[in-house]
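A short write-up of the structure that comes next.
The values are calculated or read from the model by the stated rules, or taken from the named source; none is laboratory data. Remember, predicted model here, so these are calculated numbers, not experimental data. Glycine also receives a Cβ, built like all others from the backbone with ideal geometry; neighbour counts cover every protein chain displayed.
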Amino acid sequence: MKIYFRPDESTLPSIQLYAQHRRLWQEHGESILRAFEKVTGESWQNGVRILVVGNWDSEKNGFNSSAGFKSRRGISLRYASFNPPDWRVLSNLVHELGHRFIDQHQAGSPHADNEAETLENHRQLFVFLVDVINRSFKAKLAQKIITEMEANYNDARKSESNPYLKAWQWSRQLTFKRRQEICWLMFAQKIAILPKK
Ligand SMILES: [Zn+2]
C-alpha cells in the first residue's frame, strides 16, 4: 500500500507543506496503516493519492478536506494556512484515510451529498477512528489529536444540526466490544446496522 503526496502548487510554502506531510508520513505512516488493519481486521486494497492544499478559504470554498467520494480516487487535504501544526495534519490525514478505507471495502455509503449521508458516513468512520488513532500514535499525541478532533466537530460555525458532532457523540458512548461488533458487521459482513437517526 503506497501513499503518494502531491503539492497543490510549486510555490515555496506549498512545497514546505508537502514536505511536512512527507516527513510525518515517514514517521507515522507504517503505524497508521497497520492500525487500520488491526482495528478493522481488513487489509488496504489500493494506494491513495493525496493532494495537499494550503491557504484554503473554507468560507468561500466549502468544507476543508475531502476523501473524493465521487471520483473514488484521491484525497485532498486542505488547510487555512501553510503551516498547520503536526497534530492537525495527522488528524486530517487519518480522518480522510478512514473514508478511503471504508470505500475500498465498500463497507459504507459512498457519497456524502447531504446532511443525512454525512451523518451516516461519519458514524461509519468514527466507529473505528479513535481506536485507529490510539494504536497509531504514542499516548500523548493520540490524546491531543482526539481532543482537538472533538473540538473541531464541536465548532459552532458548523451547521446547527452538525452531523459530525452527532456522529462523534454517538460513537463515543459505544463500548469497545460494541465498536468491534459494528466494525465486523460493516467490513466482514457488509452490513450497515447503524441507527437511522
Ligand atoms: Zn469526513
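Some notes on this structure:
- Some residue of region 169-188 being under 22 Å from residue 75 (Cβ atoms) and within 12 Å of the ligand (Cβ to nearest atom): no
- Which listed residue is closer than 14 Å to residue 133 by Cα and not aromatic (Phe, Trp, Tyr), from 37, 59: 37
- Of the criteria (1) modelled with pLDDT of 95 or more; (2) surrounded by 18 or more Cβ atoms within 10 Å (Cβ to Cβ), which one residue 43 fails: (2)
- Candidates are the residues of region 3-48 that are of a type in the set (Lys, Arg) and without any contact (Cβ under 8 Å) to a residue 40 or more places away in the chain; the one that is nearest to residue 77 (Cα to Cα) is 22.
- The residues on offer are 94, 39, and the sole one that is touching a Cys at 6+ places or on another chain (Cβ under 9 Å) and either closer than 25 Å to residue 184 by Cα or not in a helix (DSSP H, G or I) (or both) is 39.
- For region 75-89, filtered to residues that are within 15 Å of the ligand (Cβ to nearest atom) and touching a residue at least 40 places away in the same chain (Cβ under 8 Å), the residue that is surrounded by the most Cβ atoms within 10 Å (Cβ to Cβ) is 77.
- All of 126, 101 fail the test of being more than 11 Å from the ligand (Cβ to nearest atom), closer than 22 Å to residue 176 by Cβ and part of a helix (DSSP H, G or I), apart from 101.
- Qualifying residue in region 110-119 (condition: away from the ligand (no atom under 11 Å from the Cβ), of a type in the set (Val, Ile, Thr) and assigned to a helix (DSSP H, G or I)): no
- Within region 19-64, considering residues that are touching a helix residue (DSSP H, G or I) at 6+ places or on another chain (Cβ under 9 Å) and among the hydroxyl-bearing types (Ser, Thr, Tyr), the one farthest from residue 181 (Cα to Cα): 31
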